[in-house]
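Q: Just dropping this structure here.
Rule-based calculations on the coordinates, nothing more; no lab input. In this text the structure is predicted, and so the values were computed from the model without any measurement. Note that we place each Cβ from the backbone using ideal geometry, even for glycine, and neighbour counts take in every protein chain shown.
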Amino acid sequence: MTRYLVLRSDATTVCGVEAFTRNLAARLSSRAVSDVLDGNFRRLSERLADADAIVLNFPIVAWKKRLVEPFAAAALAKLKRKRVVVVLHEWASLDWKRRLTLWPVILLADTILFSAPEVRQEWLESRYPVGRKTTGIIPIPPNLLPSGKEDAGPAALAIRALRAGRRTIIGQFGSIYPKKNCAELLGIARALLDEGQEVAIAFVGSFIKGMDNVEEDFRNRVEALGLGDRVMVTGYLATDEEVFAACREVDIFCYRFSEGLTARRGSVLAAALGGRIVVTNAPADPAGLGHHGLFQVLIRNGNIVICPHDADVEAMAKAVRGVIGRAPPSLDIDVEIASLWKAIIGELDGVQSAVRTETRSIETSN
């Protein structure tokens with residue numbers, strides 16, 4: 001079986017990509033060694049001796065401080081006749097300068113794994129000259145999982161206080177930024193209120209820093225819709241326990257995405273696994289979630305309720321109203337997560353087998 005060297009960062013604040021990287025190494029168990037991509041190429045060379053392939057996940061955190069290391073690691077692996085696997089979690093959404101710095105690494109890769117079909121399509125449409133590659137699509141698991149033993153902290157208690165007047169709490173989990181269409185939930189809440197349904201809105205997350213006027217525009221929208229005393233934003237929550245304690249105070253999660261639900265929406269997974277129904281709109285491509293077993297199970301089970309892709313605010317409000325008071329079906333989270341990781345590792349191993357077969361074919365023909 002293929003032995004992997006999984007390269008990670010030394011970040012103390014872990015993003016979704018970094019969490020996947022570390023979890024991948026852990027799930028591969030004895031078949032993988034994890035090492036920090038810090039420019040220590042002597043140590044890297046020693047680790048490569050016991051590996052058949054290296055795995056690099058992109059985008060990485062603090063990428064401006066890591067312009068050389070990924071390419072150098074990939075080049076060293078090729079010199080030692082090791083295979084190079086690149087996992088691309090994003091592509092078109094990255095700044096062009098970030099994509100440009102990734103191109104030399106991708107040029108050396110034997111295999112590219114994509115986090116979703118749309119990421120693969122974005123990469124194909126960018127037409128970067130990288131030669132022939134073996135590719136695959138893998139499901140990305142949630143990087144946050146509930147323990148079921150979370151105690152209510154300040155954020156959870158603040159959301160609970162919104163229930164005054166027997167309000168139903170609708171909400172979202174995750175960072176607040178324009179592309180996530182967070183303001184759409186405000187319109188959905190207004191539609192529910194206009195129909196006589198008492199609701200309040202909780203955003204479990206914080207505004208992304210560095211984006212012009214995001215918070216100001218959000219607050220202005222709240223006031224324009226007359227929702228000032230019904231909306232709260234928890235701000236950044238440092239631990240999984242705080243996150244899920246807050247999420248458990250929300251009755252229904254609701255997202256209306258411009259592109260529809262995609263497999264990269266980890267916030268939707270986390271909300272559904274936290275024990276609440278999630279209402280959202282369908283993917284633009286009906287096959288967009290076909291590779292992601294967990295999303296499929298959650299939809300079939302009724303934990304995620306799907307509206308038409310082009311559902312408007314009124315249609316979304318109707319769907320939310322239809323699940324008020326409904327308890328989501330139970331799910332064995334451990335079993336489903338294990339199944340998802342089995343699929344990920346199966347695809348990773350599968351593309352390695354394809355690379356080996358192709359290499360042997362080329363060597364024989366020569």
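Q: At what distance in nm do the modelled label points of residue 206 and residue 107 sit from each other, each positioned 7 Å from its Cα along Cα→Cβ?
A: Output for this residue pair reads 3.9 nm.
Q: Tell me the mean residue ellipticity at 222 nm calculated for the chain from its helices only (DSSP H runs of n ≥ 4, each -39500 (n - 2.57), averaged over every residue, nearest 500). If you can, show how the numbers build up before the last one.
A: Values: 13 runs with 156 residues, N = 366.
The helix contribution divided over the chain gives -13000 deg cm²/dmol.
Q: Count neighbours as other Cβ atoms within 10 Å of each site's Cβ, and list the trypsin sites (Lys or Arg not before Pro) in the stretch 178-259 that are DSSP loop with at most 15 such neighbours.
A: Details: sites: 179, 180, 190, 209, 219, 221, 230, 248, 256; in loops: 209, 230, 248, 256.
Filter output for the stretch 178-259: 209.
Q: Quick check: convex hull of the Cα atoms in the stretch 154-331, volume per residue, rounded to a whole Å³? Write down the numbers at each step before the final one.
A: Details: hull volume 20.3 nm³, N = 178.
Spread over its residues, the Cα hull of the stretch 154-331 gives 114 Å³ apiece.
Q: What distance in nm separates the two pseudo spin-label positions at residue 238 and residue 163, each 7 Å out from Cα along the beta-carbon direction?
A: About 2.8 nm separates the two model spin labels.
Q: Let me ask something additional. Just want the answer: with Cβ charges of +1 for Lys and Arg and -1 for Asp and Glu, which residue in 316, 272, 206 is farthest toward the dipole's positive end in the stretch 198-316?
A: 272
Q: Same structure, new question: At residue 229 and residue 326, where each label point lies 7 Å from the Cα along Cα→Cβ, what is the point-to-point distance in nanometres?
A: Between residue 229 and residue 326, the label points sit 3.2 nm apart.
Q: Sort 232, 1 so the one with the fewest other Cβ atoms within 10 Å of its own Cβ comes first.
A: Details: 232 18, 1 9.
Result, fewest neighbours first: 1, 232.
Q: When you have a sec, figure out the Kirkwood radius of the chain from all distinct Cα pair distances and drop it here in Å to one decimal? List each step's numbers first, then the result.
A: Working: mean 1/r = 0.0454 Å⁻¹.
Across the chain, the inverse of the average 1/r is 22.0 Å.
Q: Please rank 54, 337, fewest neighbouring Cβ atoms within 10 Å first, as an exposure proxy.
A: On the way: 54 26, 337 17.
Listing 54, 337 from fewest to most nearby Cβ atoms yields 337, 54.
Q: Please arrange 307, 15, 247 by counting, for each residue, the other beta carbons lying within 10 Å of its beta carbon, fewest first.
A: 15, 307, 247
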